[in-house]
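K.L.:
Sharing a structure with you now.
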Amino acid sequence: MSSSFPEHAACMTERCRQLPAVAFALVLPGLAASPAEARTEPKLEVDTAIFASSNPLLLSTERAGAVMVEVAASPSVMITTQNGSTVLIGGTLRRRDYSRLYGHFMLGDARVEGRYRDSEYLNIGFAAGFERMLALDLLTSSPDAATDPGAIRNSWFSGIDAAWTPNAYELFTPEVRVERTYYTGSNLLLNAEALSMGLGYSRRTGPRTSIGLRGRNSISSVAGMGNVNTAALYATFNRKLPDHAKILVELGVSRTGEQKERTGGIAAARPGRTLLAGRLEVCREDGEWARRGPTGCFSTSLDTEVSGLGGLRRNAIVSLSVMQPVGAKFVLRGSGEFRRSTLVGGVPATGPPDTFGDGATDAVRAMAALDWKLRPQIILTGNVQYARRQIVNGDRIGAAYFGIQLSYKPGIRR
């Protein structure tokens, strides 16, 4: 589970950037083999939203209220061959304007995903893309967002995965992913790169149950720091429950290597750590039977990931999402998520301890929404949210959001 990583992340800047070409070489031949038999499905979704908040970017300033207006367009095309191989090309272009103080933002993403189905025993997947997002929108998804929610997070990513079932009982799932993240509009967050490799094995022990192992090795690099290796091994348990529910349990340990820092010609290090890691997920899936009760997921996890705040961070996450149809035209949705993040190995070896404290941050986001299907192509949504962040000096800043959103999907007739 260990590997070396050349200085200055050479793997990510040279060989690992060949991942998209390798994956296309694997996926596209299957799609091009019979172009006349391929099915093409173009789609378009247009969204307009308006929100008001007393502090939309959760800044530590007074009189920070503003109204936000956002317009987004999301085109995509899905290509499906006769044997079930697929390619999805899509993206979103989003413009967000604030009535005062914050100006406007151009955000969005572009992506291509493919899955080549070689046979009933083997399929190979590929994904690559770019995302440009306001850190605030990732408040409970990234440990960096609670530190500087007004920053712009730009990410390039690509990856390959496969699913191989040599028989009716066993499943092997290897994967490789590389990601580069850089921030604009922030004096706190640093650029970071990460390469992760994993291999999973599961064996079906009954009609509803499977057990297995999953290993992962990631190599991270943050500006001003040396490369850091993190290896993890999990035991996994997966079971389908009555009433279309399921449970997933992963329990294991992760080992982080020594973290080295270089600031102003001074070298320092934080020792490696061995930590408990895992995940619990309980879900009730959607379907026609869902009218009998709500659907949704509860999950909690402990993990370690690279951070633009400096080095590796330990994350504890709890989340809940629910959805309940109300009649033929209404859907009630709700969600909540809490994330607490701390620096692995304690405070930075360089830098003022009175600024960073123990390096801990946390974030909370809760949402309630009602979707109203005005027409098959048009959905009107009323939305109420609450968000709060704790910054590294211990202060907490929260705000409520109230808004409506109109979604239009041309071409839908049913």
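K.L.:
Hey, could you check the range 174-196 for residues that are open to solvent by 30 Å² or more (accessible area, probe 1.4 Å) and in contact (Cβ under 8 Å) with a residue 60 or more places away in the chain and say which is farthest from Gly150 (Cα to Cα)?
P.N.:
Val176
K.L.:
For residues that are closer than 14 Å to Glu281 by Cβ and in contact (Cβ under 8 Å) with a residue 24 or more places away in the chain, scanning just the range 311-329, find the one that is most open to solvent (accessible area, probe 1.4 Å).
P.N.:
Leu320
K.L.:
If we keep just the residues of the range 209-251 that are of a type in the set (Lys, Arg) and more than 26 Å from Arg180 (Cβ to Cβ), which is most open to solvent (accessible area, probe 1.4 Å)?
P.N.:
Of everything passing the filter in the range 209-251, Lys240 is most open to solvent (accessible area, probe 1.4 Å).
K.L.:
So which residues in the range 32-87 are closer than 22 Å to Phe105 by Cα and among the small types (Gly, Ala, Ser), if there are any at all?
P.N.:
The answer is Ala49, Ala52, Ser53, Ser54, Ser60, Ala64, Gly65, Ala66, Ala72, Ala73, Ser74.
K.L.:
Report, ordered by the first and then the second residue, all pairs with beta carbons closer than 8 Å, sequence separation of six or more or different chains, a first member in the range 375-389 that is free of Cβ contacts under 8 Å to residues at least 24 places away in the same chain, and a second member that is among the β-branched types (Val, Ile, Thr) and open to solvent by 40 Å² or more (accessible area, probe 1.4 Å).
P.N.:
What qualifies is Gly382/Ile404.
K.L.:
Answer with yes or no whether Thr92 is touching a Leu at 6+ places or on another chain (Cβ under 7 Å) and either part of a strand (DSSP E or B) or open to solvent by less than 50 Å² (accessible area, probe 1.4 Å) (or both).
P.N.:
no
K.L.:
Just name the residue that is modelled with the lowest pLDDT out of those in the range 343-366 that are open to solvent by less than 40 Å² (accessible area, probe 1.4 Å) and within 19 Å of the chain's Cα centre (by Cα).
P.N.:
For the range 343-366, the residue satisfying everything is Thr361.
K.L.:
Write out, first by first residue and then by second, each pair whose Cβ atoms fall under 9 Å of each other, whose residues are 6+ apart or on separate chains, and whose first residue, in the range 41-60, is without any contact (Cβ under 8 Å) to a residue 12 or more places away in the chain while the second is part of a loop (DSSP other than H, G, I, E, B).
P.N.:
none
The values are calculated or read from the model by the stated rules, or taken from the named source; none is laboratory data. Since we're looking at a predicted model, the values are computed, not measured. Counting neighbours? That spans all protein chains shown, and the Cβs are built from the backbone with ideal geometry, glycine included. Heavy atoms of the whole protein, side chains included, go into the accessibility calculation; ligands, DNA and RNA do not. Shrake-Rupley method; radii C 1.70, N 1.55, O 1.52, S 1.80 Å.
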